[in-house]
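Working notes for the structure below.
Coordinate-derived values only; no laboratory data. None of the values given here were measured: they were computed from a predicted structure. Here the Cβ is made from the backbone with ideal geometry for all residues, glycine too, and neighbour counts use every protein chain on show.
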Ligand code: SF4
């Protein structure tokens, strides 16, 4: 059984943003000064309330916008986390281009941050404005240059697929401009519209499944031509620079999550923290806790089939005390899904077609 000592990943959530994007459904709030310091103090208390391995493999500070903190707050946050980073393999911070100053980049270097995940979303300034982003594409170019000059050699850029007003030509342009910046990693997420967001209230419709699929096909072919490896449904990388932290989730491994609305997976349960900032500051952290049946392979299959690491036969046997192939190969054949799988000596995974219809394949497997 995994003990807290064996958990090698930590997620830290900074919920503050300088502006609220029209599509955003993440736990976030406007960066109101009076909340920030008490929040950081409470975050420290939450960290101290767990036994967290000082020998972590991955640490990921996400948001919100971690770089919306001012220099003093940012330095306080990084110093608070120093004790976990002595042997860190991957230390990522999410950043928005307009608030990723040279000063903050230098601080990150000093504290051992070795990966940046920058929210680009679109390379078209009119589109960026229409979704309430505060940066321009020139800001992205500027921070990429500064980060490279300071020695950051693992940078991920994010795009959103399906934003209103972006046609295929514009999408092509987005991808070409992104490729030109030579990021090590690219994430492309499809637009989802939630009722309570500005886009939801304005009743904006996202592209339908066929339209979205065409966008993915276009992106996948341009990134393939440029030498990027499609290693997860929405993620591409070069030189094997997969996101080690996100692989923790996709391999269904355990992790701590701290901060407003953060979730974690420890012992035999998954937990989610409160979304109420006042409660959080008062130290009422966990809102829900769900027991996970460790003999049920449901989550493991759903997550591991997202990546090209797929289902490792030995790992499956270790966790569920039976063979994956002996349990599922007959079913895969019967469902006529063999054409979506690639079988290697020690693991199997889905090809591009299979990844694009993961939900269907997964339902076929478990039904
Ligand atoms: S910056 Fe990120 S977290 Fe903040 S509102 Fe925009 S999408 Fe949401």
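Given contacts defined as C-alpha pairs under 8 Å and at least six residues apart, what's the relative contact order of the chain, whole-number percent?
Relative CO of the chain lands at 16 percent.
What nm value, rounded to one decimal, do you get for the distance between residue 329 and residue 102 when each label is placed 7 Å out toward the C-beta?
6.1
For labels at residue 357 and residue 194 in the simple 7 Å Cα→Cβ model, what's the distance in nm?
In this crude label model, residue 357 to residue 194 measures out at 3.0 nm.
How high is the relative contact order of segment 137-189, in percent, counting Cα pairs under 8 Å that sit 6 or more residues apart?
Relative CO of segment 137-189 lands at 54 percent.
How far is the Cα center of segment 24-38 from the Cα center of segment 289-367, in Å?
A separation of 39 Å, based on Cα centres.
Along Cα→Cβ, 7 Å out, is where each label goes; now give me the distance between the ones at residue 319 and residue 225 in nm to one decimal.
According to this spin-label approximation, the distance is 3.8 nm.
Taking only Cα atoms and a 10 Å spring cutoff, compute GNM fluctuations for the chain and point out the largest among 18, 196, 245.
Checking each option, the largest mean-square fluctuation is seen for 196.
Sort 129-136, 211-218 by packing, meaning the average of other beta carbons within 10 Å per residue, with the highest value first.
129-136, 211-218
If you average the sequence gap of Cα pairs under 8 Å that are 6 or more apart and divide by the length of segment 298-366, what percent do you get for the contact order?
39
Across the Cα atoms of the chain, what radius of gyration and what greatest pairwise Cα-Cα distance (Dmax) are found, in Å?
20.7, 60
Using 0.36 nm times the number of residues separating residue 75 and residue 180, minus their current alpha carbon distance, what extension gain do you get? Present the calculation step by step, with values, prior to reporting the outcome.
Working: separation 105, 0.36 × 105 = 37.80 nm, distance 3.19 nm.
The residue 75-residue 180 span can extend by a further 34.6 nm.
When the chain is treated as a GNM, springs tying every alpha-carbon pair under 10 Å, which of 311, 140, 166 comes out with the largest mean-square fluctuation?
Per the Cα network of the chain with a 10 Å cutoff, 166 tops the list.
Top mean-square fluctuation among 103, 312, 268, Gaussian network model of the chain, C-alpha springs under 10 Å?
Of the options given, 103 has the highest mean-square fluctuation.
Antiparallel versus total DSSP beta bridges in the chain: what percent is that, nearest 5?
Counting DSSP beta bridges with both partners in the chain, the antiparallel share is about 45 percent.
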